[in-house]
Each structure stands twice: as structure tokens, then as C-alpha cells.
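Reading through the C-alpha cells given below for one structure.
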Amino acid sequence: MCLTMRRSFVVVFTTLAAVLPLAADQSAAEKGWAVLDAAVMEKSSTKRHDAIHALGLLTGDSKAVALAEKALDDHTSEVREAAATTLGNLHASASIPKLEHTLKDKEITVVLAAAHSLWALGDKEGYEVYYEILVGERKAGPGAIAGQEAMLRDRKKLAEFGFEQGIEFNPFAGIGWEIIKTLHKDDVSPVRAKAAAVLSDDADPRSGLALAKSCADKSWIVRVAAIEALARRGDPAFLKVVEPHINDEKETVRYTAAAAIIRLSSAPPKVTPEKGGGK
């Protein structure tokens with residue numbers, strides 16, 4: 001009888017040990033969603049933009065896709081652009097019809113963002129827009145950017161779009177025009193942010209630790225890049241590092257942390273290869 005009771009206690013203890021961490025992770029994810037749910041409803045278009053961009057970390061999440069699709073109808077072009085970009089980052093193939101409709105948007109940067117995502121998703125409509133940009137006319141039918149030649153010559157618009165899309169040199173896709181305003185007075189942070197983005201693909205544990213340390217950097221640009229890199233690495237061990245930044249003084253950092261928390265909460269534990277062994 002005593003042996004049976006001991007075995008029962010072992011089973012109960014083992015079950016609780018498995019369930020409690022899951023409950024903690026679920027709570028963290030709910031906290032992250034609370035931040036993002038509130039942010040996408042903000043009156044500030046900048047806050048809505050940053051929140052929609054942060055959703056791009058949540059590949060495969062149907063709620064993230066739904067929120068991004070809804071934002072395609074936002075009254076502010078910057079938010080619509082972020083939504084179109086995010087749907088591409090989410091690999092939302094089911095959203096292709098909505099992105100194709102967005103090619104009719106009155107703002108060129110929104111059209112280009114939709115085209116870029118359609119291209120990333122393998123839809124031919126994306127090529128149509130790039131063809132039009134190159135030769136000045138559509139292969140067939142009315143042009144999606146007809147009458148918007150002036151916008152194509154708008155340096156500020158195109159620079160902003162370039163930063164949104166991560167074209168060529170931009171390591172912080174989606175942060176937007178605020179980055180451009182920051183660059184002229186801070187030449188170091190963008191370079192360090194680029195380093196953080198690259199380290200997201202480095203499996204060396206030392207890189208993970210470096211990114212964790214950089215989450216507390218004095219530059220918000222570096223904090224955003226480091227948190228996003230940790231999210232993309234997918235190691236839930238860094239969840240405790242990211243969680244405090246949901247209260248960061250900078251909205252962009254808070255929204256990125258919220259999305260990172262949701263992503264890391266559902267990530268499987270990383271298995272560390274055993275050293276030695278062999279045959």
C-alpha cells in the first residue's frame with residue numbers, strides 16, 4: 001500500500017512539474033497578447049504601425065494574420081504598409097487575394113509593400129508591379145501605380161519604404177521613418193543592430209548570451225534588434241531575458257518584446273548536444 005502511494009505521489013509530482021512551466025509560459029503569452037491587442041487599437045498611427053510590424057515574428061499564428069489583414073484597411077498608409085509587409089513575413093499564403101487587392105491602394109509605398117510580399121509568397125502579381133516600375137506600363141490592363149510617378153520620385157517616401165522593407169542595407173525592417181531620423185545623429189547603433197540581426201542565425205551559445213546582454217542596451221535600436229534576434233533564434237531559455245522589456249520606455253521595444261514573448265512561449269526547449277561520446 002505504501003509503495004503504491006509513493007508511486008502515486010511520483011506520478012502527481014511529475015505531472016505538476018510538467019504542467020506548471022507550461023502554465024507560466026501561457027501566462028507570459030497572454031501578457032504579450034494583451035500588449036499587442038491594445039497597441040493595434042491605439043489612436044497613434046505610429047503605435048499601430050509598430051505593433052503590426054511586431055506581429056511579423058509570429059509565423060503560423062492565425063490571430064497575427066487576422067490582425068494584419070484587418071490593418072490593410074487602416075486609414076493611415078504607414079499602418080497599411082506595415083500590414084502588407086507583415087503578411088509576407090508571416091508567410092500568409094491565404095492572404096494573397098487581400099494583398100492583390102491592396103495593389104490598388106492610392107499610396108505607392110503600400111502598393112510596393114504588397115508587391116514585395118506577393119513576390120515573397122510566389123504570386124505573379126508581385127512581378128507585375130515590378131515590371132511596371134521598370135518599363136512604366138503594365139504587361140496587361142491598367143497599371144497599379146498609374147499616376148503615381150511623382151510618388152516614385154519622392155525621396156522621403158522611397159527612403160521610408162526602403163527602411164520598411166529591409167532593402168539592401170537596412171537591418172531593421174519595419175521600424176520605419178524614425179530610424180532615418182535617428183541615423184544622422186547616431187552612426188554606431190545601426191551597425192551594432194545589424195550585428196545583432198546577423199547573430200540570430202549563429203548557433204554559438206556565446207552569441208545568444210551577447211544578444212541577451214544587448215537587450216538592455218542604452219540604444220533602443222539595438223534593444224529592438226537584439227530582442228527580435230532572440231525571438232528568431234527560438235530558444236525559450238531566453239524568455240526571462242525578454243519578458244522585462246514588455247515594460248520598456250520605448251513603445252517599439254515593448255511591442256517587439258510582446259511578440260517575442262508569444263513566440264518563445266510556444267517554442268520547444270533547445271536540446272544541447274552531448275559532448276564526447278562517439279563510437
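The values are calculated or read from the model by the stated rules, or taken from the named source; none is laboratory data. Every value quoted in this text rests on a predicted model; they were computed, and no experiment measured them. Positions of Cβ are backbone-derived with ideal geometry, glycine not excepted, and every protein chain shown enters the neighbour counts. The accessibility values were calculated without ligands, DNA or RNA, using every heavy atom of the protein model including side chains. Shrake-Rupley method; radii C 1.70, N 1.55, O 1.52, S 1.80 Å.
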For this session: Among the residues of segment 57-80, write down those that are of a type in the set (Lys, Arg) and in contact with a Phe, Trp or Tyr (Cβ under 9 Å, 6 or more places away or on another chain).
Result: 63
For this session: Please find, within segment 16-48, the residue that is nearest to residue 241 (Cα to Cα) out of those that are of a type in the set (Ser, Thr, Tyr) and at pLDDT 90 or above.
Result: 46
For this session: Identify the residue in segment 68-97 that is free of Cβ contacts under 8 Å to residues at least 24 places away in the same chain and outside any helix (DSSP H, G or I) and, among all such residues, is nearest to residue 115 (Cα to Cα).
Result: 73
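Open to solvent by 80 Å² or more (accessible area, probe 1.4 Å), of a type in the set (Asp, Glu) and either at pLDDT 95 or above or under 19 Å from residue 32 (Cα atoms) (or both): which single residue out of 274, 228, 249, 243 fits that description? Walk me through how you get there before you give the answer.
Details: 274 fails: either at pLDDT 95 or above or under 19 Å from residue 32 (Cα atoms) (or both); 228 fails: open to solvent by 80 Å² or more (accessible area, probe 1.4 Å); 243 fails: open to solvent by 80 Å² or more (accessible area, probe 1.4 Å).
Matching residue, one of 274, 228, 249, 243: 249.
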Problem set entry | Every residue from segment 193-219 that is open to solvent by less than 80 Å² (accessible area, probe 1.4 Å), at pLDDT 90 or above and outside any helix (DSSP H, G or I) | 215, 216, 217
Exercise. Modelled with pLDDT of 95 or more and more than 24 Å from residue 267 (Cβ to Cβ), is that true of residue 74?
Worked result: yes
Seminar exercise, completed: Filtering segment 31-65 down to residues that are open to solvent by 40 Å² or more (accessible area, probe 1.4 Å), assigned to a helix (DSSP H, G or I) and under 23 Å from residue 267 (Cβ atoms) yields 31, 34, 37, 62, 63
Seminar exercise, completed: By residue number, the members of segment 98-109 that are assigned to a helix (DSSP H, G or I) and either at pLDDT 85 or above or of a type in the set (Lys, Arg) (or both) are 98, 99, 100, 101, 102
